[in-house]
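The structure appears below as structure tokens.
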Amino acid sequence: MKLQIDLGKYPNIERLLYSETETWSDDAAVLADRIGRQFDERSYLFTNPDIRVAVEAGHIESGYEHWLRHGQAEGRIGTGVSRYCNRLPWSPRVDLERPRVLFYGPVSATSGLGNAARGYAAALALLDIELEVVDSTAAIYPHLKMEIKPHTIDPDIVIVDHNADALNNFFGIVDKSILDNAYTIGIWVWELASFRNEWIEQFSAFDEIWSLSRFSLDAIATIAPPGVTLGVVPCVVEEDVIETTFGRSHFSIPEDAFVFLCVFDVSSVMERKNPYAAIDAFKAAFADDPSVVLVLKYHSQHAAPEKIEAMRAAATAPNILIIDSVLSAEENAALKLVVDCIVSPHRSEGFGFNVAEAMLVGKPVICTNYSSTLDFTSPDNAFLIDCKMVEVDLTEGPYPHGFLWADPDREHIASLMKAVRQGGPDVQRRIERAREDVLSTLSRRAVGEIMDGFISRICESRSAFRNLLNLERRKGYVWRHPRALGHYESLPDDRDWPLISVIVPVYNIQRGYLLECVNSVLGQSYPFWELCLCNDASTLPETIELLEELRGKDQRIKIRNLSANVGISRATNAAVEIATGKYVAFLDNDDTIHPDALRHYAEATILNPDADAFYCDEDKINSANEYVEHYFKPDWSPEHLESCMYVLHMIMVRKSVFVDLEGYREEYTGAQDYDLLLRLSLGNRKIVHIPEVLYHWRIIEGSAAAEVAAKPTALNNARRALEAYAKAKYGPEAFVTDGKLFGLFRVCKSRTNAPPVTLVMTTNNSVKDVEHRGRINLAVHLLQSILEKTDYPSYSVLMVTNGTFDEEGRRLLQESGGREVAYEGDQKNFNFADKANFAITSASTELVVLLNDDMEIRSSDWLWALVDLIQDEGVGAVGARLTYPTNHFQHVGMVLGVNETAAHIYHGHDESTVGYNGYPNIIRNYSAVTGACMATKLSLFKEVGGFDTAFATDFNDTDYCLKLRAKGYRVVYTPFAELYHFESQTAVRSSQSPKEKELFLSRWSEVIANDPYYNRNLRRNSITFEPLEDAWPV
């Protein structure tokens, strides 16, 4: 059924439907029908919520009706319809030896865009072509209501020198029919690493895109569709032929001063030009020294008067000169000649005329080591400023918040200014090299040769069929609202859903694996994502071919190609550079994610808006494509992280935090994720765990997924990263040793600084028969083992008795500097909590270790192991590894909600047990540890009220740990404090107190139901971390 359109009712459709040679006919009706079928109603309404409201209220029949009446004239996007869908493809003439070229550009504009256009026109004039230049300055100043004269030639090639965001203005003046039956070239420049995907429709207007620099072209290439040829054509930079007699006095510049010049156009966005950095650096370098002057030259101050006022306030030093008047061409040329150095601390540049022109006239340049200026600057011809990436803080002009640009190092700028001021052979050498480089690469002739090569290639490889095919591909390449790209009806639309950038570095991966990886992202139930693929100079044909096939597959896919292989860390950083999301999620190129993965992550950000990083549970994919080896992780566990990279996948980080940390560090490649998490931990960032299996790690021969030892370099780098972290957090004397299992680590603090510790024991002077030890006095036996085996130099023993104690024990106490204190509480009705409170509060040191008397020391550094951890200001209690005399576990950590209340994991298992992910052998966070051997702080003990005496016999230690956690302190288990525990020798009991159990369950019901260190997908009737039946496999 054909769509019937009343052209009187919808006049704005007429220009889209007609060309100069057509009249309304059946063909036009077919075209109208095609537009109606292409129109994406859902996308238009999602993109334009005001129209959506009007449609739902019945004021407008549909979004399509609004677009026909008003929307297209208003420039509204999200239609699903390309405004170039009726463009006629090029059918090249047989004789193209001297092609007719029509060039549109702002050749009369007094701006950088005007300079570029005039240079291109001049370079084209050198070629053997029939050239017509049409001044289209009106397109960049639409408010002036200027005209663009009609062209006179019938062109073979049409070049439109206007940026993607200016094309709506351009084609509002010039009819789109200029694109018909011609090979079309757009000249675009963009200053950020990522191109705005709202502009993807503009690719449909052109067969080829030229850009001013490799940086700019690479940005455009990230979303360029297949079939669009891309090329770099730099700007023409030549010396002004204007003769000038103006000297320094004309500009009120001191004759004998060394002068730095910073030039910028306020309308080009001050934050991007970044004069503030030049001011700060100049002040830091020279203060008020009158022999050095900084000149700030700008124009178009009307574009940002408040920012100019703030900048002028910062530039009040007597040796800073401001020139804000409009200068003539002669004056501008003279100003560059009378200064001594050009400073350009830009955040990003599309080309960098001021830098290139200064190099040409023999002035040293100090400029940011980033973006387009790197096409013609290097350490050999310029002074490049160190920088790091930062997010665009607020949307500035066309540069949206969340995109990235550079933040030049002000200290480095100051040091470079001093170096240039000092002068010397190095400065002169760079000046000479700079002039040579600009003359050889940016002259009119050099640029003309590049254009000539491109035009010759176009004429020689003409193919009407290929042109038609490419044009058909691009007609559907239009921006749609992400919600319209799939079925996301279940996603609430009343939330501020974040854009998540999925980061995938790619290198020589099998086609099938990469395709599965990409498809797992395309199949997400969450629409607000972008997939940033960075090809790390792959050489495998199937990898390269698939990446090209992915171009244009989905508007949310971005592809960046690196010219040289730089490794996974730098390739990942390069992918992040083109990311525009609020968060970046890291996915390996051979792994996959669950269809709901990004939705879970997005929901987690809504629930935890202050969190900076997120991770999930995972499993592995074996060679049969089966999910194996589940890994249900605990919530964020800083001490666990110091033993190993337990987080693994999928890490998602707030992008601003990632770039503030300067991304992955190349020196830790192979352990780059671990290094990142350690640095996040060091900064006390909030990190959230999502307890769902959302990541599938592929097992490939030779990968870490297959075997921990497969990548020794990665393990070495992990150790180095941990050492750097330990020294940063705990001081230069901290060091890292091997853990109890291969691939695990242990962080040790200083061994020269041993804070005093009180070992507190409560005893009733019991004498018992103990297996393999005979009949012993329990407390005396423990005291002897402490004195014989402990290598910690600064401890004392406090023995709390009932008033009687073995004489041998008293002698040992006296000789070792310990003391005995008689318990003053009720001795008939045993209350361990009360006795422990009395004992601990009798200590005189901040660090206290509570010990049952039925123990025996096994490892000489047991106390070091406890003190290493309890010293951390965030840790409230530390528990030890306790085994029975039979070498079976008594305590290696406690979990809640197992066996109704709390349980000792792996209780009764042989001490050789590795356990789930090595847990018995890892320093790890738990909700509670046993009080049989517990290190704590006296101040914290008092802060939380010690042990609750309502728990006379049961749960007192667990309750104490939970009170600490409620105050924000962590509880840690260490396997390196090893003791034997002759449990039940102190007090023989057959069951828990029902009253205390009821109190414990009522007080801590929420924590018991949701132990953060015991994954909710694990069984509640097992102490060996077995999964629930419905939790896995996926």
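Here are a few things to note about the model shown:
- Among Leu127, Leu813, the ranking by other beta carbons within 10 Å of each residue's beta carbon, starting with the fewest, stands as Leu127, Leu813.
- Between segment 284-334 and segment 796-866, the Cα center-to-center distance that results, in Å: 74
- Relative contact order (%) - criterion: Cα under 8 Å, at least six apart; region: segment 248-442: 22
- Here the gap between Asp452 and Glu411, fully extended at 0.36 nm per residue and compared with their Cα-Cα distance, gives a gain of 10.3 nm.
- Diffusion coefficient of segment 624-780 by Stokes-Einstein, Kirkwood radius over Cα pairs, 4 °C, 1.567 mPa s: 69 µm²/s.
- Couplings for segment 267-272, taken from phi via the Karplus curve 6.51 cos²θ - 1.76 cosθ + 1.60 with θ = phi - 60°, read 6, 8, 6, 4, 4, 6 Hz in order; Gly and Pro are left as x.
- Hypothetical label at Ala419: residues of segment 361-380 whose amide nitrogen lies under 13 Å (7 Å Cα-Cβ projection): 365-369, 378-380
- Based on Cα contacts under 8 Å between residues 6+ apart, the chain shows a relative contact order of 8 percent.
- Those residues of segment 778-797 whose amide nitrogen sits under 17 Å from the label point placed on Phe735, 7 Å along Cα→Cβ: 791-793
- Segment 42-99 and segment 942-976 have Cα centres spaced 65 Å apart.
- Entry for semi-axes √(5λ) of the Cα gyration tensor in Å (calculated from the structure that is shown) out of (i) 72, 31, 25; (ii) 73, 36, 23; (iii) 68, 36, 24: (iii)
- Computed log₁₀ I(q)/I(0) - Debye formula, equal Cα scatterers, no solvent, segment 693-795, q 0.19, 0.21 Å⁻¹: -1.00, -1.12
- 0 to 90° range, to nearest 10: angle between helix 275-286 axis and the chain longest Cα axis: 70
- Counting only alpha carbon atoms, the long axis of helix 807-816 and the longest principal axis of the chain meet at about 40°.
- Helical contribution to [θ] at 222 nm, DSSP H n ≥ 4, -39,500 (n - 2.57), averaged over the chain, rounded to 500: -9000 deg cm²/dmol
- Taking a point 7 Å out from the Cα of Thr713 in the direction of its Cβ, the residues of segment 548-574 whose backbone N falls within less than 13 Å of it are 566-570.
- Computed from Cα atoms, the angle from the helix 597-607 axis to the main principal axis of the chain rounds to 70 degrees.
- Label-point separation, Asp128 to Thr953 (7 Å along Cα→Cβ), nm: 10.7
- Against the empirical 2.2 N^0.38 Å (N residues), segment 757-1009 has a Cα radius of gyration ratio of 0.94.
- Once the Cβ-Cβ distance of Phe830 and Ala57 is raised to the sixth power relative to R0 = 51 Å, the FRET efficiency obtained is 0.10.
- Ranked by how many other beta carbons lie within 10 Å on average, peptides 650-660, 765-775 from highest: 650-660, 765-775
- Taken one residue at a time, the phi angles of segment 833-847 give Karplus couplings (6.51, -1.76, 1.60, θ = phi - 60°) of 4, 5, 5, 5, 4, 4, 5, 5, 6, 7, 6, 10, 10, 5, 8 Hz. Gly and Pro are set to x.
- Over 29 Å (Cα to Cα) - which of Lys967/Lys997; Lys686/Lys995; Lys273/Lys686 fall in this group: Lys686/Lys995; Lys273/Lys686
- Our estimate of slack between Thr841 and Ala73, defined as 0.36 nm per intervening residue step minus the Cα-Cα distance, is 268.6 nm.
- Alpha carbon convex hull of segment 248-442, volume per residue in cubic angstrom: 112
- Note on Ser912 and Leu485: the extension gain reaches 148.3 nm, defined as 0.36 nm multiplied by sequence separation minus the Cα-Cα distance.
- Remark on segment 499-725: hydrodynamic radius 17.6 angstrom, per the Kirkwood mean of 1/r across alpha carbon pairs.
- Relative contact order computed over segment 525-655 (Cα-Cα under 8 Å; 6+ residues apart), in percent: 26
Read-outs: derived from the displayed coordinates by stated rules, not from any lab. Because the structure is a prediction, the values reported are computed rather than measured. Don't worry about glycine lacking a Cβ; one is built from the backbone with ideal geometry, like all the others, and counts go over all protein chains shown.
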